[in-house]
Structure formats: C-alpha cells, structure tokens
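The values are calculated or read from the model by the stated rules, or taken from the named source; none is laboratory data. Worth saying up front: this structure is predicted, and the values here are computed from it rather than measured. Backbone-built Cβ (ideal geometry, glycine too); neighbour counts: all protein chains shown. Surface accessibility is based on the protein's heavy atoms, side chains included, excluding ligands, DNA and RNA. Shrake-Rupley method; radii C 1.70, N 1.55, O 1.52, S 1.80 Å.
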Amino acid sequence: MTNELKDLFSFLRFASVSTDSKYAADVRACGEWLIQKLQGMGLTAELHETPRHPIVLAKNEHVEGRKTVLIYGHYDVQPVDPLSLWKTGPFEPEIRDGRIWARGATDNKGQMLAHLLGVEKTLREEGELPVNLIFLFEGEEEIGSANLKPFLEAHKDELKCDVIAISDTGMVAPGVPTLGYGLRGISACEVIVRGPKGDLHSGLFGGAVANPATAVARLVASLHDDNGRIQVEGFYDDVRPLEDWEREMWAKVPGVSEQDFLDVTGSPSLFGEEGYSSAERTWARPTAEVNGIGGGYQGEGSKTVLPAEAFAKLTFRIVPDQDPVDIIQKVKRHLEAKCPPGVEIEVKIGHDAQPYATDPHSKFGLAAQTALKKAFNADPVLIREGGSIPIVQTFRDVLGVDTLLLGLALADAQIHAPNENFPVENFEAGIRLNQALLKELAAC
Ligand SMILES: [Zn+2]
C-alpha cells in the first residue's frame, strides 16, 4: 500500500461524526491528526476552537507577489446508520474492486486529503509551493457550518486570497473531469390552511363550509401551468438566460441524457418546464417543488371527515440572479391571492440560500480546466449543479472571492449512505489535480 493510501486509511479511521455529541472527542482527535500531518509537512497549522468542533487552518510561508489560493474541505462525516447494511465497518477502511470503502471516503475525507497530499508531494519534489496556500478544514459541514461564517469574519485578513478551490462535488461520469461553476439556491416555506374550528362530519357539514385540503390542493395546482412553467407573478424576472455555449456543451456531457435521467429516477417519463432538457432544467432553471402535503385522515380505510386544517411544504430552487428573499415574498403574495374563499391561510417562511455562478472562462476557471485535463488526461466538462452549497456564497460575501468546484465524487459513491466508497483512481487523480492546479493558478 502506498504511503498516500496509508494516510487516507488513518484519516478514515476517525469516527468524526459531527452531529452526535458522543463522537465529539473523535472529531477533535481527527482535527488534531490533521494538525500533526500538516506540521509534519512543514506548514504552520493551528486548531481553532469554535463553540462546537474545531477548525483547522494551515499555511505555507507566504511570499509577496504570489497568488494566494484557499483550499477548503471538511473532516466531519455523516452518521453511519443503518450499520447492518455496511459490508465492512464504516471506520475500518478496506480496498475492494479498486475502491476505498469507508464513511467519508468520498465525502469529504478522500477528496480533501488528496489536496493535502498533493501539497506534500510538491513540497517534497520542489521544496516549495508555487502559491501562497491556505488550508481551511472545518468539522461542521455536515451539520450546517454554523461556526464557519463567524470564523471567516473574525479572520478575514488572515484568509485574504485570490481564489478558493473545493473538491466536494460530483463528476458526471468516471474518468470525465468536471468543473462546476454554478449552484442553485433555495427558498422554503410552509403553507397552512385553516377552516372550521375542528374536524367535521363530512355528511353533516360537507357542502356547507370550504374544505382546507381542497384549498391546499388548489394552491399547489396554481403554482404551475400545464407545461411546467411557474405561474407566480414576476418569478422569472431575474433568471439569467442560458448561454448558447452552455446549451451546446451540456448536450454533449455524458451521464445526463434524457435516457440517463429516466434510468436514474425510474420515473415512467420525464416532465419539466417546456423547452429545456433535463440537465438544463436541473442546473439552470428554477423550480417549485412540493416536499410534503397533508391534512385529514391518513389511516387505513376511509373516514368521512372534513379536516379543520391542511398544509403543504414547498421549496423553490432558484438560479442566478434570483434572490431568495424576493422570490419567497412573490410566492407568499401569490398564495395569499390565490387562496380560495372560506378558509384562512398562513405562509411560514423557512430557510434560504443564494444561487451561485462564476465564469468558467475567467483566468482562474481556465487554469482549473487545464489542471483537470492534466490530472485526468481528458477534456473537462463544465457544469452547474442543481443543489446548493451555502458556504460558497458565504465565501463570496465575506472574502469577496469566487470558488472553483473541482468535484471527484462519482454518482454511486453512496455518500451519506451505507457502503460509501471512493475509487483509488480518483484519489490518485486528486493528488495530481492539486499539484497541477497550484501550478496553473500560479501562472495565470
Ligand atoms: Zn456530505
């Protein structure tokens, strides 16, 4: 086994589950192991306390005039339950079929350590790095990074950099290097519709008063037209149209054809906003989704009840340049205006996150593309992601810089699930990627 894999195995053996206080000492021990490793490489490294799990900050000696690159990662992991579905222990890493199996193998320890070991290799080979480097590793990503923003604000000067790189996203297919340059944001709300003061007999009162479940159904139905277009007034006002090069590129990206979407989802057919492919719909178009709907009798058989109350939980995935607060206000106005007579409506506003986009053809984007090409010996594809990574926007807000998303995760990596895994190949490519990336960023 290579020294690199030995290091990864040591890193994976820590049960650094951030959500469960039972593992707090393991999270800390994992952070301390990183400090040892980083100091052993000749970097200055410090463990910074937060109200919960510590943050690891490391630097090489910074030289005036060089570019400063911040690499972010997280050393905490998700819980392992259900344990019985794991083929081998989640914290007893093992290699089978060319993959490393353990909790955190992909998310995020394997990807994160590849960067660290790339730096170690460059230092060993060249004696120094071509850039001023900052490693920022947190132990709370899987629980919402609550202490990261205050940390960024408190250490703003120390963390000043030109660009940020993160490997915590996906590759579209094995062997296809993938540069992410956009993320969707989100706005959430819950609609509660109230009618009579208590549940009523549908025979005695049905027909005399409005049914809250019917009202919720009508509200939900009012969100889209028959072609999947959202009907909230002004909803699309700030949507940045897709560029021609994006549509051309995405049509050629492997792993995201209409058939791929059908296979992955197992849906009888695909459906979405008319005029767009499934990749375009998920990466660059906003959506309105019902995440939950309820009210009335849910048990076995039937019950002739007219429910007093019904609800729907909604989220809106939003894209540049929509604003989550503006969107949720528009949605609230829409729901209140469309609420049928005879009931009362309450719209509870929930969490949100800004959408994100950076230019993949900026000098940093081009440097990242060259590095990906060198690491994988294949042309990278440029994609946006349908999900949200709120810290990316936090970095832009607090530090004023853009983030390159250099994901190494495969679709079947089983992140957050039993039998998480990471191909040895991707781990090795990640080490090469880090070396090439720092070189390319230094020269751009
Ligand atoms: Zn995760």
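Descriptive notes on the structure:
- One residue from GLY98, GLY89 being within 13 Å of LEU12 (Cα to Cα), modelled with pLDDT of 95 or more and not hydrophobic (A, V, I, L, M, F, W, C): GLY89
- Residues located in segment 1-27, provided they are free of Cβ contacts under 8 Å to residues at least 40 places away in the same chain and either part of a helix (DSSP H, G or I) or under 15 Å from GLY73 (Cα atoms) (or both): ASN3, LYS6, SER10, SER21, LYS22, TYR23, ALA24, ALA25, ASP26
- Any hit, segment 31-44, residues being over 18 Å from ALA58 (Cα atoms), surrounded by fewer than 14 Cβ atoms within 10 Å (Cβ to Cβ) and more than 23 Å from the chain's Cα centre (by Cα): no
- Which listed residue, of VAL191, VAL176, VAL239, is modelled with pLDDT of 95 or more and closer than 30 Å to LYS439 by Cβ: VAL176
- Residues located in segment 406-426, provided they are touching a Leu at 6+ places or on another chain (Cβ under 7 Å) and either closer than 18 Å to ILE71 by Cβ or not assigned by TED's automatic domain parsing to the domain that holds ALA165 (or both): LEU406, ASN426
- When ASP76, ASP81, ASP97 are checked against the criterion of being open to solvent by 10 Å² or more (accessible area, probe 1.4 Å), within 29 Å of ASN419 (Cβ to Cβ) and within 16 Å of the ligand (Cβ to nearest atom), ASP81 stands alone in meeting it.
- Residue in segment 222-232 that is outside any loop (DSSP other than H, G, I, E, B) and either open to solvent by 70 Å² or more (accessible area, probe 1.4 Å) or touching a residue at least 12 places away in the same chain (Cβ under 8 Å) (or both) present: yes
- Residue tally, condition assigned to a strand (DSSP E or B) and within 16 Å of the ligand (Cβ to nearest atom), over segment 163-182: 3
- Close pairs (7 angstrom Cβ cut-off, 6 or more residues apart or separate chains): on the phi > 0 side of the Ramachandran plot in segment 174-196, of a type in the set (A, V, I, L, M, F, W, C) and open to solvent by 10 Å² or more (accessible area, probe 1.4 Å) anywhere: GLY175/PHE376; GLY175/ALA378
- For LEU438, the criteria (1) within 16 Å of the chain's Cα centre (by Cα); (2) open to solvent by less than 30 Å² (accessible area, probe 1.4 Å) hold in every case but one, which is (1).
- Where a residue in segment 427-440 is not assigned by TED's automatic domain parsing to the domain that holds ALA375 and its partner, wherever it lies, is of a type in the set (D, E, K, R), with Cβ under 6 Å and at least six apart: none
- Any hit, segment 381-394, residues being more than 16 Å from the ligand (Cβ to nearest atom), open to solvent by less than 20 Å² (accessible area, probe 1.4 Å), in a helix (DSSP H, G or I) and at pLDDT 95 or above: no
- Of residues in segment 300-352 being part of a helix (DSSP H, G or I) and among the hydrophobic types (A, V, I, L, M, F, W, C), the one nearest to PRO390 (Cα to Cα): VAL325
- Residues (among the basic types (Lys, Arg) and open to solvent by less than 90 Å² (accessible area, probe 1.4 Å)) located in segment 233-284: ARG247, ARG281
- Considering the conditions (1) touching a residue at least 60 places away in the same chain (Cβ under 8 Å); (2) open to solvent by 10 Å² or more (accessible area, probe 1.4 Å); (3) farther than 20 Å from ARG432 by Cα; (4) not in a strand (DSSP E or B), LEU123 is excluded by exactly one of them, (3).
- If only residues of segment 398-417 that are in a loop (DSSP other than H, G, I, E, B) and open to solvent by less than 10 Å² (accessible area, probe 1.4 Å) are counted, the one that is nearest to the ligand (Cβ to nearest atom) is ALA413.
- Lone unmet requirement of (1) assigned to a loop (DSSP other than H, G, I, E, B); (2) among the small types (Gly, Ala, Ser); (3) within 29 Å of ASP412 (Cα to Cα) for ALA251: (1)
- Test: residue in segment 44-66 that is within 16 Å of the ligand (Cβ to nearest atom), part of a strand (DSSP E or B) and modelled with pLDDT of 95 or more: no
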